[in-house]
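The values are calculated or read from the model by the stated rules, or taken from the named source; none is laboratory data. This one's a predicted model, so the numbers in the text were calculated from it and none came from an experiment. No Cβ is skipped: glycine too gets one built from the backbone with ideal geometry, and neighbour counts run over all protein chains shown. Heavy atoms of the whole protein, side chains included, go into the accessibility calculation; ligands, DNA and RNA do not. Shrake-Rupley method; radii C 1.70, N 1.55, O 1.52, S 1.80 Å.
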Amino acid sequence: MKLKRTFGLKSTLPPYSIILLLTVTVLILAMVSLGLGAIYISPLEILQNFLGNGMQSQTFILHNYRIPRILIAVIVGAGLATAGAILQGVLRNPLASPDVIGVTKGAGLAAVIVIVLFPQSPIIILPLSAFIGAAVMAAILMIFVYKKGAQPNTIALVGIALGAICQAGIEYFMVKFPDDVNTTLLWLTGSLWGRGWDQVFILLPCLVLVPVLIALTSKMDVLSLGDDIATGLGERSKLLRYILLSVSVILIGVCVAAVGSIGFIGLIAPHIARRVVGSKFKVLLPASALFGSIFLLVADSLGRGLFPPIEIPAGIITAVIGVPYFLYLLRRERKIT
Amino acid sequence: MKVLCTAIAGAVLLILGILTSISVGASDIDASMVLKSFFEADSSKEQTIIRTLRLPRALVGALVGANLAVAGALMQAITRNSLASPQVFGVNAGASFFIVSAFVFFPNLSSVSLVCVAFIGAAMGGMAVYSFASGGGMTQVKLALAGMAVHFFLSSLTQGMIIFNEQAKDVLYWLVGSINGKTWAHVNMILPWSLFGLLVAAMFSRSVSILVLGENMAQGLGQRVYRIRILAGILVIILAGSSVAVAGPVGFVGLIIPHIVRRLVGGDYRRIIPFSALFGALLLVYADILARFIAYPFESPVGIVTAMIGAPFFLYLAKRGRNIKQ
Amino acid sequence: MTGRVQNMREFRKVRTFGGGAFILLLAIMVMLSGCNNSQKTTEAEKTSAKTSNQEIRTIKHEMGETEMKDTPKKIVTLELSFVDSLNALGIKPIGISDDNKKEMITKLVGQEMDYTSVGTREQPNLEVISSLQPDLIIADAERHKGIYKDLQQIAPTIVLKSRESTYQENLDSFKTIAKAVNQEDAAAKRLSEHEKTIKELKSKLTVDSNMTVLPAVVRDTSFQAHTSSSYDGELLERMGLKNAIQQELPHAEMNLEQLVEIDPDVLLLANNEGKLLTDEWKDNPLWKELKAVKNGQVYSVDRDLWTRYRGVVSAEAIAKDTLKMLGEE
């Protein structure tokens, strides 16, 4: 109820048509994004390529760079946004997100350690360590959440503090090993540059979580009413929270592993979604996911298309768009105590 | 009595710290030489090193530490929020973003104008966080979130600058905060602002105490509350801005020290402010000594040490999760 | 009650929609990855069809081995030192990651050159590289390790140390590049010429064997010394100039006190643009006490040439610079 009052600008359209609209938007954006980049490919040429008689150099670019990048943008955007929506529901804090709870910073620290201390390690180790970093961070946070019986706000604060500790560690390594700073910085900003089918295949297993989430949505609504009511209604709320938190951590871990720590998608997308379709998870989750996809698609397309051949990491663009919106939300949000 | 003891202990430790800081360095200078240099000045190489390099460095450390700690104490007073500090409040981030931009776009700025640029940045960063966090009462979590977001935003912009200008990468190390290699020029750069800021803060500490008693009580004093807040805000900008201009954004000093001081001497700002200055100086001088050993024989920025101490302290405060007891 | 049922129905629809959207995506994805695979095979066919009866050269590099046939004509380089190496062999790359600073390349090659910028060295633009249809890509081991696979799909790629290479590694890289471009003989000739040049310059340089030099990059807030194991440090050692800091790490951040402690006989400062830390130091009596300052042996050198270009041609230029500065009193 609280959420609904705060973000009460519900659209008059029925939710499912909005979701259809969003899906169409994602598809259109993906098509537009296919043409953008250092080498412009017109819609007609794209069509010819799909029919199998385009220019070979264009086909190569489309198949090797643009299509995988667009898929990654769609999946990572959706993944981070879904994770954010779940976190906001489970922690009952409209400002919770992967960045806020320090999980992305944990992944960042682990990645920096690998880049700096084990520069010869095979390239697959990097996403793996990022994932482990995120998981460890989440585990520490969960211990706080459940040992202390903490308030949702305390969780957010503890998350920010853990993030600060990781940041201190990251700075230590960057100062101590200045020669690796380039790779490290790029990774910490989050970029889809140089990502390809390998990352798509890292991300694909995430889709397994889709049916799990669909099965859990009705229970999540009950959960967001509060522990007391949820327990009263017979939901085993504690276990459910664990499961949901784990799902979101897996999503975050895999996404960060694939593209680095891209910020603010997990926070902004669920908010916009909630304003448009309301806070029932059955519509909120798909809508968040779609908004997340749109957000990252736009950010990456801008990054590629603005100053070719120079690429701007998508993480910079999501921050520049996302932070002002976040601050605006914070200003409006009078309820958090 | 306890207060007096604390004051003496603090002062002795600070002097010891400065002396240690002066005796540790690349060239081998023993303690007797350090002492001698204060009483029998000569122009030997050792003494020149002490006079022109080590002493100003220790002084800059002490001044920056005092500035940041007092700025933190003032912020915690005006917001009555235990997480308030130049770092969390975006003041450091704002000042350093402006200075980095100045480095990149106007590389030949004089040191005075650099300080002014830092003031503008500090004011903008602080005001942004304040205005966004204060809607409907500033809670800890809102402050922390707003601070984090502004910090994130500014560092993303800095990254953007680095992409278009490889030269800008040189300022990355500066962004951690360091007092390595500071000279009398830097002392001169920060000293007037420090003296002004610290003295005015001490003079107004009584009014600040009233402010902390709660707005309801202070209401009777009418307009004054508003004026005290504005004045404290200006002091914060001067203290934190000049520190960042000289040493870069050294983090967490302003967060930790006021809490420790409050524990030691109680909640009266007439004591908190001078003691924050003392212990802030103390922390930074010792942190700087530690920083020289992290990557020995190379120097590390002192900001790393304060971050490593400060971040867990932040965690401790967050875990406690409540505002300053009134 | 009816309202609730209505709601439930609505949600069920939405659920199917949401699921439907995902399934659609999945389908598209599988379709596309199918396309991708077929694409790969055609690429492979293309290269195998091109096989001529020339012998195959196997080039060992940082990321493994790459087989090369023919002589590559269209080369893309992703670091500056590779441009220098190719320049020494009289080859002009068609694509260079130049951070969008053409003047830097012009200065490196010594003349205006036609090429396509492929973006920054940090994030070279793969699309542009592929559109150039190169037949050899030379990449840096640190920055481009992560995109090696992508580069390989475009063209045979060799990955070499550039940014963190020593002088000797740089010469080895030169040989590797020469082998890749099928110019081994020319390269051997050029290398012996290079050695001769360096030796000649060395013989002209009459300095005390105890004299120490210290090259360093000076910025507005830092003084970074280049030690005996840095690129320029090692080159100077080859010329008989002893580096003031003998250690395995190539760089060392220093303050004035450390510099006073080391007190090198010669300072070779690669200055940044704008304000410099050494400007501050000049006011200090300790600076005036430095041997290098007292004897007028502080020189400023070109930062691009001394610390960024790194190659056979640049090394000779550095050596000539050094002789000019230290040779005649």
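Inside the stretch A:24-59, can you point out the residues that are open to solvent by less than 20 Å² (accessible area, probe 1.4 Å) and more than 26 Å from residue A:309 (Cβ to Cβ)?
The one that is open to solvent by less than 20 Å² (accessible area, probe 1.4 Å) and more than 26 Å from residue A:309 (Cβ to Cβ): A:26.
Exactly one of (1) surrounded by 20 or more Cβ atoms within 10 Å (Cβ to Cβ); (2) at pLDDT below 90; (3) more than 14 Å from chain A (Cβ to nearest Cβ) is unmet by residue C:75. Its number?
Status for residue C:75: all satisfied but (2).
So is residue A:151 within 8 Å of chain B (Cβ to nearest Cβ), modelled with pLDDT of 80 or more and open to solvent by 50 Å² or more (accessible area, probe 1.4 Å) or not?
The answer is no for residue A:151.
How many residues does the stretch B:294-326 hold that are modelled with pLDDT of 75 or more, more than 7 Å from chain A (Cβ to nearest Cβ) and under 18 Å from residue A:178 (Cα atoms)?
Selection size over the stretch B:294-326: 5.
Return the residues of the stretch B:286-307 that are open to solvent by less than 20 Å² (accessible area, probe 1.4 Å) and closer than 15 Å to residue B:260 by Cβ; say none if nothing qualifies.
Scanning the stretch B:286-307 gives B:287, B:306.
Yes or no, residue by residue, for (1) of a type in the set (S, T, N, Q); (2) under 24 Å from residue B:236 (Cβ atoms); (3) assigned to a loop (DSSP other than H, G, I, E, B):
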| site | (1), (2), (3) |
| --- | --- |
| B:8 | no, no, no |
| B:15 | no, no, no |
| B:38 | no, no, no |
| B:43 | yes, no, yes |
| B:56 | no, no, no |
| B:59 | no, yes, no |
| B:75 | no, yes, no |
| B:84 | no, yes, yes |
| B:96 | yes, yes, no |
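Only one of B:110, B:82 is within 12 Å of another protein chain (Cβ to nearest Cβ), under 19 Å from residue B:313 (Cβ atoms), surrounded by fewer than 23 Cβ atoms within 10 Å (Cβ to Cβ) and not basic (Lys, Arg); which?
Criteria check complete, one pass: B:82.
Applying the selection to the stretch A:284-307, what residues are open to solvent by 30 Å² or more (accessible area, probe 1.4 Å), away from chain B (no Cβ under 13 Å) and over 17 Å from residue A:24 (Cβ atoms)?
Result: A:305, single match.
Let me confirm something: among A:141, A:95, which residue is outside any loop (DSSP other than H, G, I, E, B) and either at negative phi or of a type outside the set (D, E, K, R) (or both)?
Result of the check over A:141, A:95: A:141.
In the stretch A:282-310, how many are in contact (Cβ under 8 Å) with a residue 60 or more places away in the chain and either of a type in the set (Phe, Trp, Tyr) or part of a loop (DSSP other than H, G, I, E, B) (or both)?
Of the residues in that region, 4 qualify.
Among the residues of the stretch C:249-268, is any over 20 Å from the mean Cα position of the chain (by Cα), open to solvent by 40 Å² or more (accessible area, probe 1.4 Å), more than 19 Å from residue C:305 (Cα to Cα) and at the interface with another protein chain (Cβ under 8 Å from one of its Cβ atoms)?
Yes - at least one qualifying residue is present in the stretch C:249-268.
Please specify each residue of the stretch B:237-258 satisfying the condition of being outside any helix (DSSP H, G or I) and closer than 16 Å to residue B:154 by Cβ.
The answer is B:248, B:249, B:251.
Yes/no per residue for (1) touching a Pro at 6+ places or on another chain (Cβ under 8 Å); (2) part of a helix (DSSP H, G or I):
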site	(1), (2)
C:60	no, no
C:66	yes, no
C:73	no, no
C:81	no, yes
C:86	yes, yes
C:91	no, no
C:99	no, no
C:107	no, yes
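Can you name the residue in the stretch C:117-140 that is under 22 Å from residue C:64 (Cα atoms) and open to solvent by 20 Å² or more (accessible area, probe 1.4 Å) and is also farthest from the other protein chains (Cβ to nearest Cβ) among such residues?
The extreme case among them is C:135.
Which one of these does residue B:88 not meet: (1) open to solvent by 50 Å² or more (accessible area, probe 1.4 Å); (2) outside any helix (DSSP H, G or I)?
It is condition (1) that residue B:88 fails.
Restricting to the stretch C:146-168, and then to whatever is within 12 Å of the chain's Cα centre (by Cα) and not small (Gly, Ala, Ser), can you tell me which residue is farthest from residue A:183 (Cα to Cα)?
C:166
Report whether or not residue A:112 is open to solvent by less than 10 Å² (accessible area, probe 1.4 Å) and either of a type in the set (A, V, I, L, M) or within 14 Å of chain C (Cβ to nearest Cβ) (or both).
yes
Inside the stretch C:224-329, counting only helices (runs of 4 or more DSSP H) that do not spill past its ends, which hold 3 or more residues that are touching a helix residue (DSSP H, G or I) at 6+ places or on another chain (Cβ under 7 Å) and touching a residue at least 40 places away in the same chain (Cβ under 8 Å)?
Because the criterion is at least 3 residues that are touching a helix residue (DSSP H, G or I) at 6+ places or on another chain (Cβ under 7 Å) and touching a residue at least 40 places away in the same chain (Cβ under 8 Å), the helices (runs of 4 or more DSSP H) in the stretch C:224-329 that meet it are C:231-238, C:312-326.
Taking the stated definitions as given, is residue B:11 within 22 Å of residue B:260 (Cβ to Cβ), open to solvent by 20 Å² or more (accessible area, probe 1.4 Å) and at pLDDT 85 or above?
For residue B:11, the condition - within 22 Å of residue B:260 (Cβ to Cβ), open to solvent by 20 Å² or more (accessible area, probe 1.4 Å) and at pLDDT 85 or above - is met.
Keeping to the stretch C:195-209, report how many residues are open to solvent by less than 50 Å² (accessible area, probe 1.4 Å) and under 22 Å from residue C:171 (Cα atoms).
3
In the stretch B:266-285, how many are more than 30 Å from residue B:26 (Cα to Cα) and either hydroxyl-bearing (Ser, Thr, Tyr) or open to solvent by less than 10 Å² (accessible area, probe 1.4 Å) (or both)?
Adding up the residues that qualify gives 4.
Given the criterion at pLDDT 85 or above, aliphatic (A, V, I, L, M) and surrounded by fewer than 23 Cβ atoms within 10 Å (Cβ to Cβ), identify the matching residue among C:59, C:96.
Result: C:59 is the single residue among C:59, C:96 that is at pLDDT 85 or above, aliphatic (A, V, I, L, M) and surrounded by fewer than 23 Cβ atoms within 10 Å (Cβ to Cβ).
Starting from residues that are at pLDDT 50 or above and among the hydroxyl-bearing types (Ser, Thr, Tyr), keep the ones in the stretch A:1-23 and report whichever is surrounded by the fewest Cβ atoms within 10 Å (Cβ to Cβ).
Top of the filtered list is A:12.
If you check residue B:124 against the conditions, is it at pLDDT 90 or above and either of a type in the set (Asp, Glu) or surrounded by fewer than 24 Cβ atoms within 10 Å (Cβ to Cβ) (or both)?
yes
For the structure I just gave you, tell me whether residue B:310 is in a helix (DSSP H, G or I) and either in contact (Cβ under 8 Å) with a residue 40 or more places away in the chain or among the polar types (S, T, N, Q) (or both).
When the stated conditions are applied, residue B:310 passes them.
How many of the residues in the stretch A:163-212 are facing chain B (nearest Cβ under 10 Å) and of a type in the set (D, E, K, R)?
Counting residues in the stretch A:163-212 that are facing chain B (nearest Cβ under 10 Å) and of a type in the set (D, E, K, R) gives 2.
From the set of residues in the stretch C:270-291 that are more than 21 Å from residue B:111 (Cβ to Cβ) and open to solvent by less than 10 Å² (accessible area, probe 1.4 Å), which is nearest to the other protein chains (Cβ to nearest Cβ)?
C:290
Could you check the stretch A:313-337 and list, in sequence order, the residues that are out of contact with any Phe, Trp or Tyr (no Cβ under 8 Å at 6 or more places or on another chain), within 7 Å of another protein chain (Cβ to nearest Cβ) and open to solvent by 20 Å² or more (accessible area, probe 1.4 Å)?
Hits for the stretch A:313-337 are A:332, A:334, A:337.
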